[in-house]
Amino acid sequence: MTSAVDYHRATAHVRDRLGGRELDWAHRPTVFKRYPQGVVAQQLALPPCAFATAQSVQSLQSLPMLLRGSPVLAGRPTAQHLSNVLGLAGGITRTGAHGGGLFHFRTWASAGGLFPCEVYLALGPVWESAGIAPGLWHYQPDAHRLAQLRHGDALGVAAMAAGLPDSSTRSTRLAAVVCITTIFHRTAWKYGERAYRYLLLDAGHLAENLLLGLWLEGFAPMWAGDFKDDAMNALLGVDGEREACLLAIPFFTGDTPDDFAALPAPVGPLGDFANREAVQEASRCAHVERLWPVLLGVHRAGVIEMRFLGRPQDAPPPAPEALFEDAPRAPLPLPEASAVHADRLWPSVSRTILGRRSHRRFAAVPVPVATFQSFCHLLCERSLQDRGTRNVVLVLGIRQIETMQDGVYVLDRDRRSLGLLQAGAPHEALARACLGQTWMQRAAVQLCMVADLADCEARWGARAYRALGLAAGRLGQRAYLAATSLGWGACGVGAFFDDEAAAVLRLRQDARLLYAVSAGPLSDMGP
């Protein structure tokens, strides 16, 4: 499978041809990665997260404040900073009984609750004052601790693989590179070859939380999606087949550098794994694992070996007329964000992230237009300009928004405006297309993420599919958090009859729905 477009078509759900899969419950994948004895050089228990303490001034920030501000780290980074970032990005929020065992709820949304992503950190010498040695570390969320896998200049190797500029010549200081990987079988066990779609969405959910946590603690992150896959996988000790890196996020203790440059950072001595074979075997998540040739094929097609794709933000976003059969009507500008946010009591960012849930019990009640406009603004704010977010178009189906016509609108995030594509709420038709999930009909907003897959692949190759999926996940997590901060509920939907969903939104041939999130007021706070 060398074409992302072909993969998307091959894994499309089609009515009357959607067969159920019998799950092998005896070999259900584990959701926490562990290394055998003798592999981990050091384990470091992180301090408890301190989001609501008086010492953490940043914790008082609401989501609108954080997204519009530019906090800067005061002083040197500490273990507490790292604890807060990782706890918000992918920590455990609560534990409950489920299926005869314990289920650990996390800060990020995951398809089927399978949590396929792992987080690694290449830490530099700036952390030595915090008692954390430079090297490669793995985050273990259930214990909220770090496990050191390699000593030495893992940061230099990660920076080189990510194509970062030489930070030693700049006033900024590169503190770390965070790598988000996926263990393919964890999600494919349930969703089969279509699982690559969900793996990308899940990684995007986690990445959005990570970015928000870094901003909250005063760090400056950079999006590095076009890293060299083999080099990064080798650094992490994963084989690229069972587990592979999907995304790198470097972050700085000062301002973010202006530009990417395909120049290697200085690389010092880097210790090897105590047992590389055992480290790779730790990616196994079940005693019996299947191979997924279609899934792995599309992932391999997007692998970068020796070259970088250039600065993605140079490419303009697609025009709506290229994606939709209906041309948007005269745009309706959103009022200033400060005006629609002003009279609302906002929770802190940490409370918002920790309180996020997937809710389906929506109430079909009128929504004040200012609340809806706040939701739209939160989708527009502070989006890192990678090629994925530039090319994912947001479509909103709305109903019972006071003073607004029910219909399907396209949201222009640059101009902060809404253009009506078609009149009439699409909720019932979209719910039918989403495998008959009737609970969607009661939501106030249907947020749909759309992209022209063929156009993006023609410009950037198969790697574009990864960028689009990650971006859709980021925007989906942002929608979850925007809804939570407004007192709404939200639930993501990745399963739909692809052609039917495209017909509901009146998409042109190569434009496809990637992800949908239902959001709106809840009838209660049940699941």
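A few notes on this one:
- Pair list, Cβ < 9 Å and 6+ apart or interchain, from the stretch 279-300 residues that are at positive phi and aliphatic (A, V, I, L, M) to residues that are open to solvent by less than 50 Å² (accessible area, probe 1.4 Å) and not in a loop (DSSP other than H, G, I, E, B): none
- Flag for residue 422 being in contact (Cβ under 8 Å) with a residue 12 or more places away in the chain, surrounded by fewer than 23 Cβ atoms within 10 Å (Cβ to Cβ), polar (S, T, N, Q) and in a strand (DSSP E or B): yes
- Qualifying residue in the stretch 66-88 (condition: basic (Lys, Arg), in contact (Cβ under 8 Å) with a residue 24 or more places away in the chain and assigned to a strand (DSSP E or B)): no
- Restricting 439, 488 to residues that are within 30 Å of residue 330 (Cβ to Cβ) and of a type in the set (Phe, Trp, Tyr) narrows the list to 488.
- Of everything listed in (1) within 24 Å of residue 404 (Cα to Cα); (2) of a type in the set (Gly, Ala, Ser); (3) open to solvent by less than 10 Å² (accessible area, probe 1.4 Å); (4) assigned to a helix (DSSP H, G or I), the single unmet condition for residue 503 is (3).
- Within the stretch 450-466, one or more residues are out of contact with any Lys or Arg (no Cβ under 6 Å at 6 or more places or on another chain), open to solvent by less than 30 Å² (accessible area, probe 1.4 Å), modelled with pLDDT of 95 or more and closer than 17 Å to residue 495 by Cα.
- Qualifying positions in the stretch 349-364 - open to solvent by 40 Å² or more (accessible area, probe 1.4 Å), part of a helix (DSSP H, G or I) and out of contact with any strand residue (DSSP E or B) (no Cβ under 8 Å at 6 or more places or on another chain): 351
- Residue count, the stretch 269-289 (criterion: outside any strand (DSSP E or B) and over 28 Å from the mean Cα position of the chain (by Cα)): 11
- Filtered residues of the stretch 295-319 (kept if crowded, with 18+ Cβ neighbours inside 10 Å, modelled with pLDDT under 90 and closer than 23 Å to residue 501 by Cα): 318
- Breaking point among (1) open to solvent by 10 Å² or more (accessible area, probe 1.4 Å); (2) touching a helix residue (DSSP H, G or I) at 6+ places or on another chain (Cβ under 6 Å); (3) modelled with pLDDT of 95 or more, for residue 117: (1)
- Listed by first and then second residue, the pairs linking a residue in the stretch 183-198 that is within 17 Å of residue 238 (Cα to Cα) to a residue that is aliphatic (A, V, I, L, M), with Cβ atoms under 8 Å apart and 6 or more places separating them unless they lie on different chains, are 184/195; 184/199; 184/244; 184/295; 184/296; 185/286; 186/31; 186/114.
- All positions within the stretch 103-153 that are over 23 Å from residue 199 (Cα atoms) and part of a strand (DSSP E or B): 123, 135, 136, 145, 146, 147, 148, 149, 150, 151, 152
- Criterion: open to solvent by less than 10 Å² (accessible area, probe 1.4 Å), at pLDDT below 95 and of a type in the set (Gly, Ala, Ser) - qualifying residue of 188, 224, 203: 224
- Flag if residue 383 is out of contact with any helix residue (DSSP H, G or I) (no Cβ under 7 Å at 6 or more places or on another chain) and modelled with pLDDT under 95: no
The values are calculated or read from the model by the stated rules, or taken from the named source; none is laboratory data. Not measured: the values here are computed from a predicted model. When we count neighbours, we look across all protein chains shown, and the Cβ atoms used for this are built from the backbone with ideal geometry, even at glycine. Note: accessible area is taken over every heavy atom of the protein model, side chains too, but ligands, DNA and RNA are not part of it. Shrake-Rupley method; radii C 1.70, N 1.55, O 1.52, S 1.80 Å.
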